[in-house]
Amino acid sequence: MSTDSRLCYRALFAAAAIAAASCSTQRWPRPMGGLKGGAAAGPAGGADEVQVLRHGDPVEVRQAGSLGSYPLRFYHKQERLRSGGLVLVGAGGKAEIVWPGIASGALLLGEAVVRIGEPSNGEPALSFDTLESARLVLAPEHSMALIGGAVLSGDPNEEQSGPFLVEKIASDLMRVRNQSRGLGRVAYRDEEFDLQPGELVDLAILGAGSTPAAHDEQPRVVELAELGGGPIVLKGQADARASDGAVELSAGGGGGSAIARGVEIKLADGARARLTGLSRTPSSPAANQPNNASAPAPASAPVAPPASQPQPVPEPQPVPEPQPVLEPQPASQPQSAPQTQPAVPPQTP
């Protein structure tokens, strides 16, 4: 082999080595074209922190308060996220979320969009915007919000509950199966479902959401007699008092609402509102004066002559019905006298 041929082969091998070092050797073409997720920036990160592990491409994460997400490569397969962060898994992807030092975790299989919550502030540990399939393990102090807002929690008497298998089996239906030997509970709107080991429940994915209804205290009815405007219904920590012909509304910790004259006013914590015009409309002075016909009219007002009262119209007398006219009877003809034949004397022989 000549020297020129050897130099040519060496150049080709060097070019191939450079190309191999600069490209991704895990999958070609590159699958990370940007996963779907909320474009708005999330809230600032909280105190709680999780560890995200990438087991299969594609997986992206978004830090709390950031506008963009970035993928987890094969050379950087884990990332820490604070509460408020976002985990996005594409079709065929696989990711795991764990809490350091806490017996909770989530294994995401297939497409999923998950928000990291802040359990120390009373929020669910995870909130699923969408999912294909997930295996969840819960600590006693953790709960997880499923698609639509339904809340899944474990047995408070166990150190670890689960696994619970959550699957989206239709566009508007998901299934929760208890694969553990303990108790599970699903809070769905006004209902709570207890899942014994091996039991499952199918939940509808509603457009209006399935967040558990808050069981607030009974509304209070306040009657402000000095206003005369009817009752005012107070909810939550709202309070009402009369002040100079109006109603002063205020709300304490947690906020509240008030309903007056069919209008509901929602008040945040520490907010105030002033309502006027709640009293009944007063009657006019003329309506309160007695109706006295002999009271003199004002001089400036012309006095109208008294109107003559109409005379009653006599009722018409009934017309007698006409009597039928008797037709004349034909005159009777005189009867003729009977004719008598003369007697014939008997003839003698």
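Any residue that is over 24 Å from the mean Cα position of the chain (by Cα), surrounded by fewer than 18 Cβ atoms within 10 Å (Cβ to Cβ), in a strand (DSSP E or B) and of a type outside the set (Lys, Arg) - is there at least one of those in the stretch 97-105?
yes
Check the stretch 277-299 and report whether any residue there is at pLDDT 75 or above, over 30 Å from GLU132 (Cα atoms) and not acidic (Asp, Glu).
So far as the stretch 277-299 goes, no, none of its residues is at pLDDT 75 or above, over 30 Å from GLU132 (Cα atoms) and not acidic (Asp, Glu).
What is the one condition in (1) surrounded by 13 or more Cβ atoms within 10 Å (Cβ to Cβ); (2) modelled with pLDDT under 95; (3) under 15 Å from ASP129 (Cα atoms) that SER171 does not satisfy?
(1)
Give the stretch 162-195 a look and list any residue that's touching a Gly at 6+ places or on another chain (Cβ under 8 Å) and farther than 15 Å from LEU136 by Cα, or say none.
Hit for the stretch 162-195 is ASP194, nothing else.
Determine whether the stretch 126-134 contains at least one residue that is of a type in the set (D, E, K, R), modelled with pLDDT of 90 or more and touching a Gly at 6+ places or on another chain (Cβ under 7 Å).
Yes, the stretch 126-134 has at least one match.
Does the stretch 20-27 contain any residue that is modelled with pLDDT under 90, within 25 Å of THR130 (Cβ to Cβ), in a loop (DSSP other than H, G, I, E, B) and not assigned by TED's automatic domain parsing to the domain that holds LEU126?
Taking every residue of the stretch 20-27 in turn, at least one turns out to be modelled with pLDDT under 90, within 25 Å of THR130 (Cβ to Cβ), in a loop (DSSP other than H, G, I, E, B) and not assigned by TED's automatic domain parsing to the domain that holds LEU126.
Condition check: touching an Asp or Glu at 6+ places or on another chain (Cβ under 7 Å) and without any contact (Cβ under 8 Å) to a residue 40 or more places away in the chain. Does GLU111 satisfy that?
Yes, satisfied.
Looking only at the stretch 220-231, which residues are at pLDDT 75 or above and either among the small types (Gly, Ala, Ser) or within 25 Å of the chain's Cα centre (by Cα) (or both)?
Across the stretch 220-231, the qualifying residue is only ARG220.
Suppose the filter is surrounded by fewer than 16 Cβ atoms within 10 Å (Cβ to Cβ), modelled with pLDDT under 80 and within 15 Å of ARG274 (Cα to Cα); does ARG261 pass it?
Spelling it out, ARG261 is indeed surrounded by fewer than 16 Cβ atoms within 10 Å (Cβ to Cβ), modelled with pLDDT under 80 and within 15 Å of ARG274 (Cα to Cα).
Please enumerate the residues belonging to the stretch 85-96 that are more than 30 Å from the chain's Cα centre (by Cα) and assigned to a strand (DSSP E or B).
LYS94, ALA95, GLU96
Between GLY209, GLY198, which is assigned to a loop (DSSP other than H, G, I, E, B) and farther than 18 Å from SER143 by Cβ?
Exactly one of GLY209, GLY198 is assigned to a loop (DSSP other than H, G, I, E, B) and farther than 18 Å from SER143 by Cβ, namely GLY198.
Name the residue that is modelled with the highest pLDDT, counting only residues in the stretch 58-71 that are more than 14 Å from ALA112 (Cβ to Cβ) and assigned to a loop (DSSP other than H, G, I, E, B).
Once the filter is applied, the top-ranked residue is GLN63.
The values are calculated or read from the model by the stated rules, or taken from the named source; none is laboratory data. This structure is a prediction, so every number in the text was calculated from the model and none was measured. Cβ sites come from the backbone with ideal geometry, for glycine too, and all protein chains shown count toward neighbours.
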